[in-house]
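**Q** Structure provided below as structure tokens; questions to follow.
The values are calculated or read from the model by the stated rules, or taken from the named source; none is laboratory data. Note that this is a predicted model, so its numbers are computed, not measured. Counting neighbours? That spans all protein chains shown, and the Cβs are built from the backbone with ideal geometry, glycine included. We work out accessible area using only protein heavy atoms, side chains counted, and drop any ligands, DNA or RNA first. Shrake-Rupley method; radii C 1.70, N 1.55, O 1.52, S 1.80 Å.
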Amino acid sequence: MIAALKFLHIAGLASWSAALVALPLLMRAHGGAGNQRQYARFRLITHIGYIGFATPAALATIIAGTGLIFAARVFEPWLLLKLSFVAAMVLVHAWIGHLIQRSGEERRSHWRAAPLAALLMVLPLIAAIVALALVKPDLGWIFTSLIPDQFLSPRRGAS
């Protein structure tokens, strides 16, 4: 079961990451839509890419990852850091969705820098998530140096 969850998690992360890289690139190319037909095609591709591919991949990644945490009983400090990067990736995902929705409402090119900013935000997040998952660094020293000992151990009489 753990192997299946790992496979789903890795496949989902690869798909989600690919979508979060491709969608800003597609949006950046949006400014070159010369006529209504090209614009309608762009809108259809970005909408289907976001709703039909990126969001299901994100959900599959998060659901499989959550299942993997509990199935493999991984409760390490590096995982907390990885989950914070995943949360940031979810925020960028939502922002890209907002940009796609906004591109259907206004056909101006004054916001063409926003997809590039989204791309520049998501690439380091993907790299950090993959690096933390592969290296699994020992970050216990952060918790022991910043959090007092009484918060890290059970109280007397607690079961």
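**Q** Exactly one condition in (1) under 22 Å from Val90 (Cα atoms); (2) touching a Leu at 6+ places or on another chain (Cβ under 9 Å); (3) in contact (Cβ under 8 Å) with a residue 24 or more places away in the chain is false for Ile62; which is it?
**A** Only one criterion is unmet by Ile62, namely (2).
**Q** Can I ask one more? Applying the selection to the range 63-82, what residues are open to solvent by 70 Å² or more (accessible area, probe 1.4 Å) and at pLDDT 95 or above?
**A** Listed by number, the list holds a single entry, Ile63.
**Q** Moving on to the next point. Do you know which of the residues in the range 43-54 that are surrounded by 13 or more Cβ atoms within 10 Å (Cβ to Cβ) and free of Cβ contacts under 8 Å to residues at least 40 places away in the same chain is farthest from His93 (Cα to Cα)?
**A** My answer is Ile45.
**Q** All but one of (1) open to solvent by less than 60 Å² (accessible area, probe 1.4 Å); (2) over 18 Å from Leu119 (Cα atoms) hold for Ala18; state the number of the condition that does not hold.
**A** Here Ala18 clears every test but (2).
**Q** Now for a different question. Looking at Ala19, Ala4, Ala72 in this structure, which one is in contact with a helix residue (DSSP H, G or I) (Cβ under 9 Å, 6 or more places away or on another chain) and within 19 Å of Leu91 (Cα to Cα)?
**A** Ala19
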